[in-house]
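The values are calculated or read from the model by the stated rules, or taken from the named source; none is laboratory data. Please read these numbers as outputs of a predicted model, since none were measured by experiment. With ideal geometry, Cβ positions are generated from the backbone for all residues, glycine too; neighbour counts draw on all protein chains shown. When the accessible area is computed, the model is the full protein with side chains, heavy atoms only, and any ligands, DNA or RNA have been set aside. Shrake-Rupley method; radii C 1.70, N 1.55, O 1.52, S 1.80 Å.
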Amino acid sequence: MNAAHTDLVRSILLAVSPLGLCWSNDTPGLAYTRDGKPFKSGLTGSSDILACIKGRFVGIECKTGKGQLSTPQRRFRDAVIRSHGVFIEARSVEQVMACLKSEGLA
């Protein structure tokens, strides 16, 4: 992640947090077992921010510059939409809040 991306994720988290449960989803994660063996966790392609607002799942994928969704991210988006969740490809806090408002979540 670059600084602009990190700043966007943090700004969106601050704006969305009062609306429900939300968290930064750092994937893939790397952790170690008690005996020191590394293992990866997380779902490849899942959004930068995951949330539950008014009982609905929300995935927010933050993009800066000319960033585009990868193939795994498009698959995750499609799964969220098929499950009646909300997926936002976010380039600004204002865009996220407008999308959430249009869904009756803000």
(message) On a straight-distance basis, which aspartates and glutamates could pair with Lys40 in a cross-link, Cα separation under 12 angstrom, same-chain partners fewer than 8 positions away excluded?
(response) Asp26
(request) Would you mind counting up the charge near Leu8? Only other residues with Cβ under 15 Å from its Cβ, with Lys and Arg at +1 and Asp and Glu at -1. (result) -2
(request) Please list, or write none, the lysines whose alpha carbon is within less than 18 Å of the alpha carbon of Lys63, excluding same-chain residues fewer than 8 places away. (result) none
(message) Given a 1.4 angstrom probe, I'd like the percentage of the accessible area of the chain that is carbon and sulfur, rounded to a whole number.
(response) 56
(request) Could you order Thr44, Thr71 so the one with the most accessible surface comes first? Probe is 1.4 Å. (result) Thr44, Thr71
(request) Name the residues whose placed amide hydrogens come within less than 5 Å of the amide hydrogen of Gly67, ignoring near sequence neighbours (fewer than 5 apart) on the same chain. (result) none
(request) Read phi for every residue in the range 36-42 and hand back ³J(HN,Hα) as whole Hz from Karplus 6.51 cos²θ - 1.76 cosθ + 1.60, θ = phi - 60°, with x for Gly and Pro. (result) x, 7, x, 8, 9, 10, x
(message) Per residue, how much accessible surface does the chain expose to a 1.4 Å probe? Answer in Å², no decimals.
(response) 62
(message) As a test question: what accessible area, to the nearest 10 Å², does Thr33 have when a 1.4 Å probe is rolled over all protein chains in place?
(response) 60
(request) Express in nm, to one decimal, how much length is gained between Lys66 and Ser41 on full extension, taking 0.36 nm for each residue of separation and deducting their alpha carbon distance. (result) 6.3 nm
(request) Would you calculate the separation in nanometres between label points at Asp7 and Leu21, each defined as 7 Å from the Cα along the Cα-to-beta-carbon direction? (result) 3.2
(request) Find the eigenvalues of the gyration tensor of the Cα atoms of the chain, then list the square roots of 5 times those eigenvalues as equivalent ellipsoid semi-axes, largest first, in whole angstrom. (result) 24, 16, 14
(message) Explain nothing, just compute: Karplus ³J(HN,Hα) = 6.51 cos²θ - 1.76 cosθ + 1.60, θ = phi - 60°, for every residue of the range 65-81 in order, whole Hz, x for Gly and Pro.
(response) x, 9, x, 10, 5, 7, 4, x, 5, 5, 5, 5, 3, 4, 5, 4, 5
(request) Show the residues, 5+ positions off or on another chain, whose built amide H is closer than 5 Å to the amide H of Ala90. (result) Glu61, Cys62, Lys63
